[in-house]
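Report on the structure given below.
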Amino acid sequence: MVLGADGMVTLMGNLVRIPDVSFTNWDRVPDRRAPDEPVPELAPDLAVEILSEGNTREEMDRKLKEYFLSEVALVWFIDPRKRTARVFTSPDDVTELNETDTLDG
C-alpha cells in the first residue's frame, strides 16, 4: 500500500504523522485490506520525508526516532536542494547518497 503526502498514519497509539510518501507491505496490513479509517493505526515499512527550509534538525531527529520506535523498517530523508538522500535503517545507521547513486528500498 502506497500513500502520498495526504496519507496520515497513527504511530504509537495517538501520534499522527504524515510522511510525504509511505509504503506498507500488505503483510503488515490487517486482513490484507486497505484500512477504512481515515487515519489508520499502521506503521509503514518505508517512510519518506522530503526536506524543506522549514524543517529543523531537531524536528527531523524526533520524527526519525518516532518512526523507528513504531517499527518502521526504513526511512528516507530526501533533500532536493542538495540533491541527496539519507537512508536510515535505524536512527544511528545512515547512508548518504547523491544524485549519481541508486536509491534502493
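Under 5 Å from the amide H of V21 lie the amide H atoms of V48, each residue being 5 or more positions distant or on a separate chain, with H modelled from the backbone and absent for Pro and chain starts. Near M1, once Lys and Arg are set to +1 and Asp and Glu to -1 for all other residues with Cβ below 15 Å from its Cβ, the sum equals -4. Of W26, W76, the sequence from fewest to most neighbouring Cβ atoms within 10 angstrom is W26, W76.
Put in line by how crowded their Cβ is, counting other Cβ atoms within 10 Å and starting with the fewest, T84, T24, T89, T100 read T100, T89, T84, T24. Can you work out the FRET efficiency for the pair R83 and M12, with r the C-beta to C-beta distance and R0 = 25 Å, to the nearest 0.05? Plugging the Cβ-Cβ distance into 1/(1 + (r/R0)^6) gives 0.15.
Quick one: angle between helix 57-69 and the longest Cα principal axis of the chain, in degrees between 0 and 90, rounded to 10, please. For 57-69 against the chain, the angle is about 40 degrees. Spin-label model, D101 to A34: label points 7 Å out along the Cα-to-beta-carbon direction sit 3.4 nm apart. Give the label of the value calculated from the structure for Kirkwood radius over Cα pairs in Å, choosing from [x] 14.5; [y] 14.2; [z] 13.5. Among [x] 14.5; [y] 14.2; [z] 13.5, the one derived from this structure is [y]. Name the most mobile residue of A85, A47, A34, meaning the one with the largest mean-square fluctuation, in a Gaussian network model of the chain with Cα contacts below 10 Å. Maximum among the listed residues: A34. Sorted ascending by nearby beta carbons within 10 Å, beginning with the fewest, V2, V39 become V2, V39.
Taken together, the values in this text are just the output of simple stated rules run on the coordinates, not laboratory data. As the structure is a prediction and not an experimental result, all values here were calculated from the model. Every residue, glycine among them, receives a Cβ derived from its backbone with ideal geometry; neighbour counts consider all protein chains shown.
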